[in-house]
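Student: Let me give you the structure first, and then I'll get to my questions.
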Amino acid sequence: MKSITLIVATAVVWLSYAWCVNSLLTTHHVDTPLCNHNGCRQMQNRQTLMEMHNHHVDEDDSIHFAEERRPTNIRNHNKKSLSNTIISRRASLAAFVATTSSLASILSAYATDASSLDQQYTTATIQQAQQQSDNIRPSISIPLHYEPSLSAYTISYTVGNSKFGAIIDTGSPFLVVPQTSCRPDYPWGCFRPNESRPATGLKPTRERFDGNEGWVEWREGEFSFNELMITTSASLAATSSLALLFPQSSSMTFGVISESLMDGPGGVFLGLVKDTDSWIRPSFLGQSNVSAFSVDLRQREGTSKSLTLYGAGDGNNQRDFPNSDYAISMVRDLNKRYGDPTIHYSAIASSITVNGSKLATTSRRNKVYVIFDTGCSGMAICPDLFDEQYTLARSQKAKSVWGDVSIELDTKSGEKVELNARRPITTPLGSDRPWGKKLDGHLIVLGLAFLEGMKMTVDIDRKNVWFEE
């Protein structure tokens, strides 16, 4: 009976396949009708395999939103304070546009009219400004809002004079806005062409998202965040930090995605991947002086969950971050060896354990690569490991194929860090050749199920990542 239930539950998960991956393989672009970089054509029919919603299927086949899981067994030491996107993870915004009641709550987070948003903006201040010292990093903190209907954290910003909302995404590079009809029931923003201008030398590109094709127009316009967290810094310090971090804020390159790309598992995302191959359109952080960031999803009384962007600091003063000995080193193998045009924030895991059994371990010849992706709500895993675990779970008559999942990573000092999730929605990646070349090892994309309750700090320049409870 349990094996029958497992098969039925698995079938339900596969029915939610299309929710699981819009953008592992989205935003490929070139100046021709269809993308043509390595592996793009092979992957385009498999794009729906990468976006996870944070729910699970019980034995009785009822579907529930998964509880937010705080990763455990994270060992922290000496805390001091602390283009194309080919691998993605998009929960669909557009699927909820039709259900305006489910999106109405987002408007309250961002403010439902310009006057309230303007008030938020005028009262915004900086978390930590540069105080006339090279030893202090300029930084700003922006509050994040959790939207249960999307299983995602959202952020609010302005392009031109128009307000927009988007999912915060550490798995993609771009600043985008939706090309909508500006209908009043659409909460993600209204693009007005007269508030920006075409980007010099950047032609529109044809994109394909999950079988949907549409154009992305590249433009330039003024950018700012609508909300900044209030701390002790003065408005002068805020102006200083904003100017230091975004010296090109008056002319930022952004993409306008057509309405056809908003159908199905499309959506609006603010990408935080800074580095890409040179032929990719300009990334959001690539147009800034941001050298590090943290996504703080810890639940603390009186403190909002937040995104903090850091500028470059004195090389001898890293007081914004934990001790570097306890950092996890990030790698660029996916770009250098396998052709990923986006430099994802990735590391090598020592092992993945599912339901108490080791599913895979890193060896000299076969590595377990993990990508840290806040735009994904669960987990996406390479097809061979997905099939292996499914077969094992059936043979063991397990209640859940992906019950307790643990990812183990090593710090520079040799300490072990574990990221855990309970019954994360898990889907297979569309191919073992995501960028055209077969991976020598395994690939896993970790989403919010593993990051909820954690503070993830990414030092882009020094290629380090930390996790703190």
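Student: How much of the accessible area of the range 325-379, in percent, comes from carbon and sulfur atoms when a 1.4 Å probe is used?
Tutor: Within the range 325-379, the accessible surface is 40 percent carbon and sulfur.
Student: Right, something else. Enter the accessible area per residue of the range 316-444 (Å², integer; probe 1.4 Å; all protein chains in place).
Tutor: 39
Student: Go through 358/399; 412/437; 367/463; 305/416; 358/397 and tell me which ones have a Cα-Cα distance over 24 Å in this structure.
Tutor: Pairs exceeding 24 Å: 412/437; 305/416.
The values are calculated or read from the model by the stated rules, or taken from the named source; none is laboratory data. Just so you know, these numbers come straight off a predicted model, no measurement behind them. What goes into the accessible areas is simple: the full protein's heavy atoms, side chains included, and nothing from ligands, DNA or RNA. Shrake-Rupley method; radii C 1.70, N 1.55, O 1.52, S 1.80 Å.
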